[in-house]
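Below: one structure, written as structure tokens.
The values are calculated or read from the model by the stated rules, or taken from the named source; none is laboratory data. Just so you know, these numbers come straight off a predicted model, no measurement behind them. Cβ coordinates were reconstructed from backbone atoms using ideal geometry, including for glycine residues, and neighbour counts include every protein chain displayed. Note: areas computed on protein heavy atoms with side chains; ligands, DNA, RNA excluded. Shrake-Rupley method; radii C 1.70, N 1.55, O 1.52, S 1.80 Å.
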Amino acid sequence: MSMSTETFASIRRTALVAAALASITVGSEHAVAQTPRAPNGPIEITVGCGAGCTPDVLMRRAAKIWNDQRLISNPIVFDNRAGGGMAPAMKHVLDRRGDENSVMALAGPVFSTPITQGTETTYDKFTPLGVFVQTQLILLTQPNHPAKSLKEMVEAARARPKAIRLAGSSAGGTDDQVMGLIEKATGVDMTFIPHSGGGAALATFLGGNTELSLLTIDEALPQMQSGKARPLAIFNQARRTEANLKDIPTAKEQGVDVVWGQVFGLLGAPGLDPAVLAWWTDRIRALTASEAWKASIAENLLGGEVYVGPGLPAQMKLFHEQRLEVLRAIGAAKL
């Protein structure tokens, strides 16, 4: 994911150096670590939003496969702690230093909430376990809007500054980030309309009150198929190949150098035993190699890039730096 090729080139170089150093450091730790071992007793996955939210759904799917395929024998339970940009959920797990049974579902607010609130970063306080699923994003417009492409929508925004509106969730969230990236890449000025959540934002769009909506593929398809919305662009490096998606051009194809998405995974409590960390690395690799998981990724139109092992801390830093750069660019950062 990138804001533009130039913008993150230096960040990526820094991350690669950090990954090499992390490999040396973590490799040394694992050289003296005990054989990977499972936590004793039930595993509690804390989710920073209500049941049915994206990270909740994704991690419940993973948990079911882990247990059904006997990849994990521990019972897996969920603790949903909604609100506060996931800050209460983060605090709950961060306060359990060394607790091998307590993990948290990783989602965007782990990176963005401290940035927008001007508080100490939290992503680097957890023990990262793995990032192994991504949602991909489609920009929609009203079915009768004269702009037939993102390129044409950009021209409409250039002709009428502030007139093109995007309904999204909270300020500084993914919707706001993507709009800011488009503005920075093209020099146009649009208007972001924040809401209490994605459902409220979609209702505003479907009511005809904004020109744009940003949805994940699985959320966008029903709106497209029912004729309630028309796709302008997908924010991937390359087009999807499915019959119902292959005709949606990427933003980059249309001269808008924006590639962006959401990442999800798991975080452990601070100070986790390296033997338990090694076990989670093995379990995430086993999950993502399973046919059941691959089928779930394909069926739900998700991205399945997997980040585990020694290079993960550097990758987490890169995710943070990318979001910090974007949030600063759109004026939503307090760091």
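Need pairs with beta-carbon distance below 8 Å; first residue at positive phi and at pLDDT 95 or above and within segment 178-200, second open to solvent by 40 Å² or more (accessible area, probe 1.4 Å) and not β-branched (Val, Ile, Thr); sequence gap 6+ or separate chains.
Going by the 8 Å Cβ cut-off, the qualifying pairs are 187/158.
So residue 175 fits all but one of (1) touching a strand residue (DSSP E or B) at 6+ places or on another chain (Cβ under 6 Å); (2) closer than 15 Å to residue 140 by Cβ; (3) in contact (Cβ under 8 Å) with a residue 40 or more places away in the chain; (4) of a type in the set (Asp, Glu); what number is the exception?
For residue 175, the exception is condition (3).
Would you point out the residue of segment 271-290, among those that are among the aliphatic types (A, V, I, L, M) and in contact with a strand residue (DSSP E or B) (Cβ under 8 Å, 6 or more places away or on another chain), that is most open to solvent (accessible area, probe 1.4 Å)?
277
May I ask you to list the residues in segment 235-264 that are under 27 Å from residue 315 (Cα atoms), in contact with a helix residue (DSSP H, G or I) (Cβ under 8 Å, 6 or more places away or on another chain) and in contact (Cβ under 8 Å) with a residue 24 or more places away in the chain?
Of everything in segment 235-264, those that are under 27 Å from residue 315 (Cα atoms), in contact with a helix residue (DSSP H, G or I) (Cβ under 8 Å, 6 or more places away or on another chain) and in contact (Cβ under 8 Å) with a residue 24 or more places away in the chain turn out to be 235, 240, 251, 256, 257, 258, 259, 260, 262, 263, 264.
Restricting to segment 291-313, give me the number of residues that are open to solvent by 20 Å² or more (accessible area, probe 1.4 Å), assigned to a helix (DSSP H, G or I) and not charged (D, E, K, R).
Qualifying residue count for the region: 5.
Every residue in segment 311-327 that is at pLDDT 95 or above and either β-branched (Val, Ile, Thr) or over 18 Å from the mean Cα position of the chain (by Cα) (or both), please.
311
With the requirement that a residue be touching a Pro at 6+ places or on another chain (Cβ under 6 Å) and surrounded by fewer than 16 Cβ atoms within 10 Å (Cβ to Cβ), what does segment 33-50 give you?
Within segment 33-50, 42 is the sole residue that qualifies.
Against the conditions (1) assigned to a helix (DSSP H, G or I); (2) surrounded by fewer than 17 Cβ atoms within 10 Å (Cβ to Cβ); (3) more than 18 Å from the chain's Cα centre (by Cα), where does residue 331 fall short? Just the number, please.
It fails just one condition, (1).
Is one or more of the residues making up segment 173-184 among the charged types (D, E, K, R) and under 23 Å from residue 85 (Cα atoms)?
The answer is yes, given that some residue of segment 173-184 is among the charged types (D, E, K, R) and under 23 Å from residue 85 (Cα atoms).
Going through segment 102-142 one residue at a time, which ones are among the small types (Gly, Ala, Ser) and over 15 Å from the mean Cα position of the chain (by Cα)?
102, 118
Being more than 11 Å from residue 139 (Cβ to Cβ) and in contact with a Leu (Cβ under 6 Å, 6 or more places away or on another chain) narrows it down to one residue among 193, 217; which is it?
Only one candidate passes the filter, namely 217.
Considering only segment 156-171, I want to know if a residue exists there that is crowded, with 23+ Cβ neighbours inside 10 Å and in contact (Cβ under 8 Å) with a residue 60 or more places away in the chain.
no
Taking the options 329, 298, name whichever one is among the aliphatic types (A, V, I, L, M) and in contact with a Lys or Arg (Cβ under 6 Å, 6 or more places away or on another chain). Even if it seems obvious, please write down each step before you answer.
Numbers: 298 fails: in contact with a Lys or Arg (Cβ under 6 Å, 6 or more places away or on another chain).
Matching residue, one of 329, 298: 329.
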